[in-house]
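Each remark here refers to the structure printed beneath this line.
Bear in mind that the values in this text are calculations on the coordinates, not laboratory data. Remember, it's a predicted structure, so these values are computed and weren't measured experimentally. Because the Cβ atoms are built from the backbone with ideal geometry, glycine has one as well, and the counts that use them run over all protein chains shown.
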Amino acid sequence: MNLRGVVTVAACVALLSSAGPTTAQAEDVPASRLEVPAGVGVPQSARSAAAAYAKAHPGSAPAGSNDFSCTPAPEHPEPVVLAHGTDASAYTDWAALSPLLAADGYCVFALNYGGKPGADTYGTEDIVDSAGEFGRFVAQVRESTGAEKVDVVGYSQGANVSRYYVNKLGGARFVDQWVGLASPSYGGVMFGLAPMFQALPGGPDVVTELTSVAVGQQMQGSPFMTELNAGGDTVPGVSYTTVSSRYDEMIQPYSNMALHGDGAVNLVIQDLCPQDGSGHFRAPYDPFALDLIRTALDPNAIPIARCEFVPIGADIPQVVVDSNF
C-alpha cells in the first residue's frame with residue numbers, strides 16, 4: 001500500500017458529500033491491464049532502493065523471475081507466481097524474494113496487474129478484474145512450464161487478488177499452496193481512517209475518488225471484503241499460510257490478516273522473533289519474514305536469516321518520501 005493515497009484521504013475529510021455510498025464492480029470500471037515485465041532487474045535488500053531502481057528502469061522484472069524457458073525441478077515441481085501490492089509493481093515488491101526463490105531452485109514468475117494505460121504503477125484498479133488478470137498469467141505460466149499447478153505468494157493487495165482467483169474464479173484447481181504476506185484477509189483500517197469514512201455519508205466514494213478503486217475495496221467491512229470471505233475464507237484442496245506482524249501499520253487489528261478456514265496456518269513474525277518489529281511496508285524486505293515464506297513453500301528449506309532487532313516503524317519515513325516525491 002502506498003501512503004500517498006492515505007495521506008490524501010486524511011487531508012480531505014471536509015470534502016465528503018451527502019451522496020450515499022456505492023460499490024465499484026468489475027463491470028463499472030475500465031478494464032485494467034496485465035503486463036509481464038521483461039527487463040532484467042537486480043536484487044535489492046530495501047524497498048527504497050527497489051523503488052529508485054524501478055523509477056530509473058521501468059519495466060524491470062525482479063531478478064530470477066519470468067524466464068519462460070524455465071523447467072521446474074523435481075524437488076520444486078510447482079512454479080511460484082508472485083502478486084505485488086497496491087500502487088506498486090512486481091519489481092518494487094519482489095526484488096528481494098524473487099532471487100531467493102530462484103536460488104532455491106524454483107521457476108519464479110511475477111506480473112504487473114491492475115494498472116491504467118500509461119500509468120507507471122499498478123494495483124490500483126478493480127480487484128475482481130485484477131484477479132482475472134492473475135488467472136490469465138497463471139495459465140500462461142502453466143502452459144510455458146508444463147506444470148499442472150503453481151504456488152502463489154501475494155503481498156498486501158496481491159494476497160487478496162490471488163485469493164479471489166483461488167476461491168472465487170476456480171483457481172483452486174491450479175494452485176497447490178497460497179501464501180499471503182501482510183494479507184488484508186479481512187480488510188484494513190488504514191491508520192484508523194477506514195471506519196471513519198465508512199460511517200460518513202459518501203465516505204467510501206470519496207476514498208475511491210481520492211485514492212483508487214483498489215484502496216476502497218480493501219477497507220475493513222467493504223462489499224468486496226464481504227464477498228471474498230462469504231462462505232468461508234479457504235476452499236478445499238489448497239494449503240493456505242499467512243505471514244503477519246502485530247505492528248502492521250495498515251491492517252489493525254493484526255488478527256484481520258489471519259484466515260480461519262480449513263487448511264490455514266497463520267504465522268505472526270513476533271511470535272517467532274519477538275524483537276523484529278517489521279510492519280506492513282518493510283515486510284517484503286525483512287529477511288526473517290522472507291524466510292517464513294521460503295519455509296512455508298518448502299518445510300525443508302534451510303533458513304538463511306537470523307532473528308534480529310528491527311525497531312517498530314522501521315522504514316516508514318522513507319516510504320513517505322518515496323511515495324510523495
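Which FRET efficiency value, to the nearest 0.05, do you get for K168 and S45 by plugging their Cβ-Cβ distance into 1/(1 + (r/R0)^6) with R0 = 45 Å?
In this case the efficiency is close to 0.80.
Roughly how many nanometres apart are two label points built 7 Å out from the Cα toward the Cβ at S69 and D262?
4.4 nm
Placing unit charges on C-beta atoms (Lys and Arg positive, Asp and Glu negative, everything else neutral), compute the dipole magnitude of the stretch 242-325 about its Cα centre in debye, rounded to 20.
Roughly 60 debye, rounded to the nearest 20.
Which value in nm describes the separation of the simple spin-label points at Q270 and I302, placed 7 Å from the Cα toward the beta carbon?
3.3 nm
When the label point is put 7 Å from the Cα of Y53 along its Cα-to-beta-carbon vector, which residues of the stretch 282-302 have a backbone N closer than 16 Å?
284-287
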